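Below is one structure; the comments refer to it alone.
The values are calculated or read from the model by the stated rules, or taken from the named source; none is laboratory data. If you're wondering where the values come from, they're calculated on a predicted model, not measured in any experiment. Positions of Cβ are generated from backbone atoms using ideal geometry, with glycine treated the same way; all protein chains shown enter the neighbour counts. Ligands, DNA and RNA are excluded from the accessible area calculation, which covers all protein heavy atoms including side chains. Shrake-Rupley method; radii C 1.70, N 1.55, O 1.52, S 1.80 Å.
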Amino acid sequence: MRKLFIICFSLFISAVGFAQNKKWTLQECVQYALDNNITIKQAEVALLNTTLDKSDAEGAFVPTVNGRASVSENTGLSFNPVTNQPQTVTTLNATGGINVGYTLFDGLRNIRQLQRADLAKVASEFNLSKAKDDIALFVANAFLDIILNKENLKTIQAQNAITLEQIERTQELVDGGVLPEGDLLEIRATAASERQRIVAAENSVILSKINLAQLLAVENYRDFDVVDGSYSIFGEEIVNSPVESIIDSAKENRYEIKIAEQNLEIAKKDLQISKGARYPTLSAFFGYDTRFTTNDFIDIPFRTQLYTNDGINYGLSLNVPIINGFGVRNAIKRSKLNIENNEIAVKQAKLDLESTVYQSYTAVKAAKESYEAAKVALESQQLAYEYAKLRYDVGRTNAFDFSQSKLRYDNAQIELTRSKYDYIFRIKVLELYYGVPATELKF
């Protein structure tokens, strides 16, 4: 029994350790966000609501059927038909019936409502798809931010390790009388400054992890982490594509314009529904009723009374609108204004999308140039650092100049990493506008 307990406990600890040490890939983060993000959940609920609205609209074509029944008991004076004398009696009454109604014509509003429900459902589907694309892009950006901060931390830590080695080397040179004591102090000050930068970089990594965890709705911030790695640059060919082709593709594929256009169609359908209220409404109805009564004087069988006392009623009902406090007229005017507003919204959506694509295209061009410049700058700073190190090791330069050279080299490495991941993200944004689904973006 003790061995079984130890085995189970060990398995539990291993499972907990695995859960805590799990590192998320970008694809896992995106998929988890699509399954659990609150914004997407809200969009999915909104889609379900439009499905119910469509069901309501379809129900307008189904006849209404309602049954009714009532039972009552009365006690009071009544004349006995035999003795012709007043007598207190108890009378039981029961009535029942069924009514059927059907709208034959209501200005085609029932048809328009169903058409509107279809349009609203499609608009809700567009909203859900847009939410998924937006969240996937936010997740990718937050994920790359973690990788960037980790790379920066590694760079500073590696340079700090070199600085610590340099302190030992400088100590030897100072002891040998090759370098002055001030150089050792300068190198130690550099190491302290790097230690501060390491703490700041570690904090940036933690904050970026929390940001992504919140975006994914993951509560365990402390153990959340992502897979390390240096991500390659994919999709550079889109940078050389004409911006006009990207704009045309965005207008065809992006949901911003589709949503605006769908809302315009809904507004037009609302106008048709409002105009339908000016027409008469024709309805058909059918009803069946029967009743049952019993007391000390009436002793007719139940089934006989139901058959004898039953009756039906049927007919047509016409409702013609004449004066309704300007309600119909004002509803039509509001619908027309809503159409104008949505027409403006469509134009604005097209202008905004075109402007956004232009900005993204310009940004990716600038990011590419920045990345290329950062690579050149790093090569130059590396050569300068290596030359300064050689001069410092033989006592041809002081610690301050060497520290400044090393700092420029560190900053060049960090800038290259920053510009690389900025370039990667800018490419992904442009690909998204070009029509690549967010879940298929390659990193």
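How big is D for segment 227-359, in µm² s⁻¹ as a whole number, if Stokes-Einstein is applied with the Kirkwood radius of its Cα pairs at 4 °C and 1.567 mPa s? Diffusion coefficient, whole number: 59 µm²/s.
The alpha carbon convex hull volume per residue for segment 47-136 rounds to 154 Å³.
The alpha-carbon of K365 sits under 12 angstrom from the alpha-carbons of these aspartates and glutamates, leaving out residues fewer than 8 places away in its chain: E236, E237, D422. Close amide H partners of F105, meaning residues 5 or more places away or on another chain with modelled amide H under 5 Å apart, are L282.
Each principal axis of the Cα cloud of segment 172-249 was evaluated for its coordinate range; sorted largest first, these ranges are 71, 41, 18 Å.
Where in the chain are the helices, taken as whole DSSP H runs, whose Cα atoms extend 24 angstrom or more along the long axis and whose Kyte-Doolittle mean reaches at least 0.5? Both cut-offs are met by 2-21. Structure remark: mean-square fluctuation, Gaussian network model of the chain, C-alpha springs under 10 Å; the largest value among A43, A367, A217 belongs to A217. Straight-line cross-link partners of K275 among the lysines, defined as a Cα under 28 Å from its Cα and at least 8 positions apart when in the same chain: K54, K121, K258, K333, K336, K347. By the equivalent-ellipsoid construction on the alpha carbon gyration tensor, segment 151-294 comes out with semi-axes of 75, 27, 13 Å, ordered largest to smallest. Dividing the Cα convex hull volume of the chain by residue count, how many Å³ per residue is that? Cα-based convex hull of the chain, divided per residue, equals 325 Å³. Evaluated at q = 0.12, 0.14, 0.15 Å⁻¹, the base-10 log of the normalised Debye intensity for segment 335-443, with identical point scatterers placed on the Cα atoms, takes the values -0.63, -0.73, -0.77. Charge tally for N309 (other residues, Cβ to Cβ under 10 Å; Lys, Arg +1; Asp, Glu -1): -1. Taking 20 °C and 1.002 mPa s as conditions, segment 364-428 diffuses translationally at an estimated 170 µm²/s according to Stokes-Einstein applied to its Kirkwood radius (Cα pairs).
Remark: C-alpha extents of segment 86-174 on the principal axes read 132, 48, 12 Å, sorted largest to smallest.
Quick check for you: with a 1.4 Å probe and neighbouring chains kept, what is the accessible area per residue of the chain, in Å²? With all protein chains present, the chain gives 59 Å² per residue.
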